[in-house]
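Inspection log for the structure reproduced underneath, given as structure tokens.
We did not get these values from a lab; they are worked out from the coordinates using the rules stated. Treat the numbers as computed from the prediction; the structure is a model and nothing was measured. Using ideal geometry, Cβ is built from the backbone for each residue, glycine included, and neighbour counts are taken over all protein chains shown.
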Amino acid sequence: MAVKKSGLLTEKQIEVLKLRAQGLTQEEVAKKLKTSRENVTILEKRAYKNIKLARETLAALKTFGVSATAVIKPGTHLVDVPRIILNKADEANIKVKANFTRIFDEIRFKAGDKVKRSMVTRQITVKILPNGDFTVE
């Protein structure tokens, strides 16, 4: 039987975490999911372990794996953002694994709360990794 995953967590782990966040005890979660309390304990423990590992990995990338950082200031037109990122990558001799359209779309999706219409309203930081990937903060 294949286990469905969402990132590093299985769907069951996510379900357990959601129910626990609602204030249910492990026993109540077990009854609701028709499983044992011990199974709920295992699912919850593994979920938190995976979350911790993901956080540690992201922290390491931010500290050690970043080759360049592009800071997009408020007032920048959204259409100018991909060029700013590509220029910063060029300065660091990194070939970004994305074209103009993908960068534009990633910024709109991942930093949508920092963009209004076509203008950047709050600073956006883009970390460019040595392998050409980038993260949007």
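Across all Cα pairs in the chain, the calculated P(r) in 10 Å bins from zero up to the longest distance comes to 11, 30, 22, 21, 14, 2 percent per bin. Taking the Cα centre of the chain as reference, the dipole from Cβ charges on Lys and Arg (+1) and Asp and Glu (-1) amounts to some 280 debye.
The calculated 222 nm mean residue ellipticity attributable to helices in the chain amounts to -15000 deg cm²/dmol, summing -39500 (n - 2.57) over DSSP H runs of n ≥ 4 and dividing by all residues. Inter-label distance, R55 to K95: 3.7 nm, where each label sits 7 Å from its Cα along the C-beta direction. For T121, the amide hydrogen comes within under 5 Å of the amide hydrogens of G75, V115, K116, counting only partners 5 or more places away or on other chains and with H modelled in the peptide plane.
Using a simple spin-label model with pseudo-atoms 7 Å out from Cα toward Cβ, R102 and T35 lie 3.5 nm apart. Here the simple spin-label model places points 7 Å from the Cα toward Cβ, and for D80 and A21 these points are separated by 3.7 nm. Here's the picture: charge each Lys and Arg Cβ at +1 and each Asp and Glu Cβ at -1 in segment 5-62, and of L58, T41, Q13 the one pushed furthest to the positive end of that dipole is L58. Once the Cα atoms are used to define both axes, helix 11-21 deviates from the longest principal axis of the chain by about 80 degrees.
Close amide H contacts of T69 (hydrogens built in the peptide plane, cut-off under 5 Å, sequence separation of 5 or more or a different chain): I128. Computed with the Debye formula from one identical point scatterer per Cα of segment 66-136, without solvent, the log10 of I(q)/I(0) at q = 0.24 Å⁻¹ comes to -1.02.
Gain on full extension, evaluated as 0.36 nm per residue between K110 and Y48 minus their Cα-Cα distance, stands at 19.9 nm. For segment 66-136, the dipole from Cβ point charges (+1 on Lys and Arg, -1 on Asp and Glu) about the Cα centre works out to 220 debye, to the nearest 20.
From the Cα gyration tensor of segment 5-62, with a ≥ b ≥ c the square roots of its eigenvalues, which class applies: rounded if a/c is under 1.5, or else prolate if a/b is larger than b/c, or else oblate? Taking the square roots of the gyration eigenvalues as a ≥ b ≥ c, segment 5-62 is prolate. Legend: distances between Cα atoms for K5/K45; K12/K45; K73/K114; K52/K114; K12/K127; pairs beyond 21 Å are K52/K114; K12/K127.
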